[in-house]
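Notes follow once the structure below has been shown.
Coordinate-derived values only; no laboratory data. Predicted model, so just to flag it, every value in this text is computed and none were measured. Note: ideal-geometry Cβ built from the backbone for every residue, glycine included; neighbour counts use all protein chains shown.
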Amino acid sequence: MIDFMGHWWVLSLRGVAALILGALALFWPGATLLSLALVYGAFALIDGVLAAVAAFRANKGQRTPLVLTAIFGILSGVLALLWPGLTVLVLTLLVGVWAVMTGITEIVMAVRIRKEIEGEALIIVSGALSIIFGILAVLWPAAGALTLALLIGVYAIIAGITWIVLSLRLKKRQTEPRPTA
């Protein structure tokens, strides 16, 4: 028997939470992005402070990486908390550059393995779409950030529906009579 079958309601709650997150992201994408920037800022600041504590307690030969981590974490955390809008734009630019690089590598990979597999055209299309998205995100970071928030919303809604459906199936299976051996 599946271990969490008796706790189907936990999956339902996760689904409802995901639906709420998805709705918030779709109806207030700007607030969603600013919230993510603020959460990142708080995380980076806390991580930096903890790295500083670890550096203070570390042996002299092991302090440098921890001190650098502490400085970077504290600075980036403070900057993200002071300027969350700028943090969102910088993150969008990084995602855009990453998407372009990922697209290029996907196309190169597809060309290299085209003799070994069928359907490499799908990989090329995926790579091309990634490059297009990346270029658009770099050229128009505000629109790219908005798209990211909307994708988070759509994903959360799909995940929420999936969790709720799974929980209801588990509940139904739990109430069904079990065959005796």
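How would you classify the range 93-149 from its alpha-carbon gyration tensor, with a ≥ b ≥ c the square roots of the eigenvalues: rounded for a/c under 1.5, else prolate if a/b is greater than b/c, otherwise oblate?
Since a/c reaches 1.5 and a/b is larger than b/c, the shape of the range 93-149 is classed as prolate.
Each label was represented as a point 7 Å from its Cα along the Cα-to-Cβ direction; for Arg57 and Ile113 these points are 4.4 nm apart.
Is the shape of the range 8-172 rounded, prolate or oblate, going by the alpha carbon gyration tensor and its root eigenvalues a ≥ b ≥ c, with a/c under 1.5 for rounded and a/b larger than b/c for prolate? Present the calculation step by step, with values, prior to reporting the outcome.
Details: a/c = 1.67, a/b = 1.19, b/c = 1.40.
In terms of gyration-tensor shape, oblate.
Between Ile104 and Arg173, the simple spin-label model (points 7 angstrom out along Cα→Cβ) gives 4.6 nm. Listed peptides 131-137, 57-63 appear in the order 131-137, 57-63 once ranked by packing, highest mean of other Cβ atoms within 10 Å at the front.
Cα gyration tensor of the range 1-99, axes a ≥ b ≥ c as square roots of the eigenvalues: rounded (a/c below 1.5), prolate (a/b > b/c) or oblate?
oblate
The trypsin sites (Lys or Arg not before Pro) of the range 105-181 that meet both conditions, a loop assignment by DSSP and at most 12 other Cβ atoms within 10 Å of the site Cβ, are Lys115.
Computed over the chain, the per-residue total of -39500 (n - 2.57) for DSSP H runs of n ≥ 4 gives a 222 nm mean residue ellipticity of -30000 deg cm²/dmol, rounded to 500.
Taking θ as phi - 60° and the Karplus parameters 6.51, -1.76 and 1.60, the scalar couplings of the range 129-136 work out to 4, 5, 5, 4, 4, x, 5, 5 Hz in sequence order, x denoting glycine and proline.
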